[in-house]
1. Using +1 on the beta carbon of Lys and Arg, -1 on that of Asp and Glu, and nothing else charged, what's the dipole of the range 1-145 about the Cα centre, debye to 20?
2. Note down the relative contact order for the range 16-97 as a percent, whole number, built from C-alpha pairs under 8 angstrom at least six residues apart.
3. Rounded to the nearest 10 Å², what accessible area does Ser2 have for a 1.4 Å probe in the complete protein model?
4. Of the chain, which part is the longest with no trypsin sites (Lys or Arg not before Pro) in a loop (DSSP not H, G, I, E, B) and with at most 16 other C-beta atoms within 10 angstrom?
5. Give the accessible area for His177 in Å² (nearest 10); use a 1.4 Å probe, count only protein heavy atoms, and leave out ligands, DNA and RNA.
Amino acid sequence: MSAELRDLLAGMAAREAHGELMAPPFVTTGGTGPSVRVRLVACTVCGAIGGDRRWPAPMRGTGDEPALSMLACERLTARAVLPIVVVVERFPELRGARFATRALAWTELTHLPPEKALWQLDLAERWVNGLAAAPDLTLPASTRSHGAGAGRPRRRQELAPYFVSPHARLPAWMDAHYQAERRAALLRRFGGQG
C-alpha cells in the first residue's frame, strides 16, 4: 500500500474518531435537543428500499433541521451524527444543510478507481475539520448493514462496521488499516494524548 493511501485512510479514521468523541450540545432535563432528519434512499446495489424505522435521538428530525440521506440498507450509530449536530449548533446557517453518508456518496463514485473514490470521499468530509466548505457534505462515519437477518451468523455480519459501505469491494487490508488507525485515534483522544 502506498504511503499516500495509508495517510489518507489514517486521516479519515482520525476524523471519524474526532466526531465520535465530540461533546454533544447541552440540553436541559426534559428538553428537546437538536436533531437531524433522516432520509432513506433506495440502494442501487442490493435493491433495499426505504421504510419506516424507529430512530434514536438525535435522528428524529421532522422540520427544518439538517437532513442526512443514507442508503436504506445501512445504519449508523446515534453518536455518528454528532458532527452534524455540533456544526449546525455552531453555524446556524447550516440548519437546512443536506448531508450524505459515506455509503451513499460511495454509490456515486463507483465509476472511479477505488483510490480516486477514497480521495473524493476525503475531500467531501473535510467540513468536519473546518478545512473546506464543500458542496457535498459527507458524514465521516462507518456504517453497518441494516436488515432483518435471521440467526446468529447474519446478526454478527450486521454488527460489523464498514468504513465506506457494506457494498464496497475494497481489499481487506484497507479496512484493517482503517480500523486500526481509528482505534489508535480514539485511544489517543480518550487518553488525552491526541
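The values are calculated or read from the model by the stated rules, or taken from the named source; none is laboratory data. The structure displayed is predicted, hence computed values, not measured ones. So basically every Cβ, Gly included, is an ideal-geometry build from the backbone, and we count neighbours across all protein chains shown. Heads up: the accessible areas ignore ligands, DNA and RNA and are worked out on the full protein's heavy atoms, side chains in. Shrake-Rupley method; radii C 1.70, N 1.55, O 1.52, S 1.80 Å.
1. Value, rounded to 20: 420 debye.
2. 37
3. 50
4. Numbers: sites that count: Arg53, Arg54, Arg60, Arg95, Arg169.
Result, exposed sites excluded: 96-168.
5. Accessible area of His177: about 20 Å².
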